[in-house]
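Rule-based calculations on the coordinates, nothing more; no lab input. On a predicted model such as this, the values are computed, not experimentally measured, just so you know. Don't worry about glycine lacking a Cβ; one is built from the backbone with ideal geometry, like all the others, and counts go over all protein chains shown.
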Amino acid sequence: MKKLVELEYLFHTSPKILFPRLSTSNGLMGWFADKVQQEKDIFVFYWDKISHSARQVQLIENVSVRYVWLDESGYFEFKVSYNEMTGMTTLWVREYTDEDEVETATELWNAQVARLRRMLGC
């Protein structure tokens, strides 16, 4: 059975800087996947020569982007919100994963987002 994993991360950057890293093939490459190829709304993600494809089904510029896996059920999405008072941008990650893989998925997202932070310098 699939379970929704929702994670929240804070960044010292603007949505205009962060969002392209979540919504474009060049932006996703390096922190999310080793390699990313895009053909229109289909993204092919490569990890250690293994590929998985997803369709980008929703894109609201600088706000949210959702990808639906083509080879399995489920999706993952990113949502972004900026707090003018703190100058912080919040990134929410949502993904459906098998119930017995929630801890592993959380650890993986934490590691990937840490790479994203290093790439952005924040």
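Data table
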quantity	calculated
Footprinting exposure proxy for MET85, MET119, MET29 (fewest neighbouring C-beta atoms within 10 Å first)	MET85, MET119, MET29
Vicinal HN-Hα couplings computed from phi for segment 88-102 (Karplus, 6.51 cos²θ - 1.76 cosθ + 1.60; Hz; Gly/Pro x)	9, 10, 9, 10, 9, 10, 10, 8, 8, 9, 4, 3, 7, 10, 4
GNM top mover of LYS35, LYS49, LYS16 - the chain, alpha-carbon springs below 10 Å	LYS49
Cα gyration tensor shape for segment 11-78, rounded if a/c is under 1.5, else prolate or oblate	oblate
Angstrom value of the Kirkwood radius, inverse mean 1/r, which spans all Cα pairs in the chain	14.8
Spin-label pair THR86/GLU103, simplified geometry with 7 Å Cα→Cβ offset, distance in nm	2.8
Spatially proximal lysines relative to LYS35 (Cα-Cα < 16 Å; intrachain offsets below 8 disregarded)	LYS49
